[in-house]
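Coordinate-derived values only; no laboratory data. Worth saying up front: this structure is predicted, and the values here are computed from it rather than measured. All Cβ positions, glycine included, derive from the backbone under ideal geometry; neighbour counts span all protein chains shown.
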Amino acid sequence: MNIAILASGNGSNFEAIVKAAKRGYIKAFIKVLITDKSNAYVRQRAKRNKIKDILIDPSKFKSRLEFDEEVIKVLEKEKIDLVVLAGFMRILSAKFVKRFKNRILNIHPALLPAFKGENAIRRALQHNCKVTGVTVHFVDEKVDNGPIILQQAIEIKRGETLERLEERIHNLEHKLYPLAVKLFTERRIKIKNRNVEIEPL
Ligand code: GAR
């Protein structure tokens, strides 16, 4: 199975998945990183790990759809079976989602459907939630909305700082996302409408 990872920023999830593939936990080929930001740190991680890095600059396209069509072209050329969004800060067009239906994963740093969108960790803390967590889900046409694959909660400690909570959320992401990719590549995820069933490892 060929995997493309799409990311716009730091890329710690990208690296967690790449490492998991390197040590054989995920048995698939991480073929390409696609990014929309020329200065994204994730590109350095790709270089260090010898993963092909393709920059698609949104300013070169007239519309979101045209940008997405270019991404689809690359994914088809690379014969990609699974698209993994890892901090890719763009909303995908309906055409993209349809083309890779139930083959696009996303990770979100909250227990969806709570705290969709940006700054989810901060908003959960500011809301004085007692728990928050991480969600991995299939991508549909709406933001942070598709069928949920894995979720794990963590308790927010009394007086916890944003930095500490972010660190704990990211550590959890780095376990949950490689697991979700592994489950997908081993064809253990069955989806019917919004209902996702997982055959245990
Ligand atoms: C992750 O925390 C991910 O959950 C979040 O962006 C971060 C990327 O970190 N994604 C979203 O908020 C999507 N709505 P990374 O670049 O270090 O992997």
Run through all the Cα pairs of the stretch 32-89 and give the fraction in each 5 Å bin from 0, expressed as whole percent.
4, 17, 28, 27, 18, 5, 1
What one gets for the stretch 151-201 as the Kirkwood radius, inverse of mean 1/r over different Cα pairs in Å, is 12.9 Å
For M1 and E160, calculate 0.36 nm times their separation in residues minus their Cα-Cα distance, and state this gained length in nm to one decimal.
53.2 nm
Which whole-Hz ³J(HN,Hα) couplings does the stretch 8-18 yield from phi under the Karplus relation 6.51 cos²θ - 1.76 cosθ + 1.60, θ = phi - 60°, glycine and proline marked x?
10, x, 5, x, 5, 6, 3, 5, 4, 6, 4
Euclidean distance between Cα centres, the stretch 54-98 to the stretch 132-201, Å:
22 Å
Once the piece of chain linking S59 and K77 is laid out straight, how much longer is it, given 0.36 nm per residue of separation minus the C-alpha distance between them?
4.3 nm
Rounded to whole Å and sorted largest first, what semi-axes of the equivalent ellipsoid does the C-alpha gyration tensor of the chain yield via the square root of 5 times each eigenvalue?
25, 19, 18
When the Karplus curve 6.51 cos²θ - 1.76 cosθ + 1.60 is applied with θ = phi - 60°, which whole-Hz ³J(HN,Hα) does each residue of the stretch 78-94 get, with x for Gly and Pro?
7, 6, 7, 9, 9, 10, 10, 8, 10, x, 8, 8, 9, 8, 7, 6, 4
Members of K62/K192; K47/K130; K62/K142 lying beyond 31 Å, as alpha-carbon distances in this model show:
K62/K192; K47/K130
Across the stretch 29-46, in residue order, what do the Karplus-derived ³J(HN,Hα) couplings come to in whole Hz, using 6.51 cos²θ - 1.76 cosθ + 1.60 with θ = phi - 60° and x for Gly and Pro?
9, 7, 7, 7, 9, 10, 10, 10, 10, 5, 9, 5, 4, 4, 5, 5, 4, 4
Against the rule of thumb 2.2 N^0.38 Å, how large the Cα Rg of the stretch 61-153 comes out
1.18
Please give me, ordered by residue number, the trypsin sites (Lys or Arg not before Pro) of the stretch 1-109 that lie in loop per DSSP and have at most 14 other Cβ atoms within 10 Å.
R23, K27, K50, K62, K79, K101
Which residues among the stretch 4-47 fall inside the zone where the amide N is under 18 Å from a point 7 Å beyond the Cα of N171, along Cα→Cβ?
12-13, 16-17
Considering only DSSP states other than H, G, I, E and B, which GluC sites (Glu not before Pro) in the stretch 113-184 qualify as loop sites with at most 14 other Cβ atoms within 10 Å?
E118, E141, E160
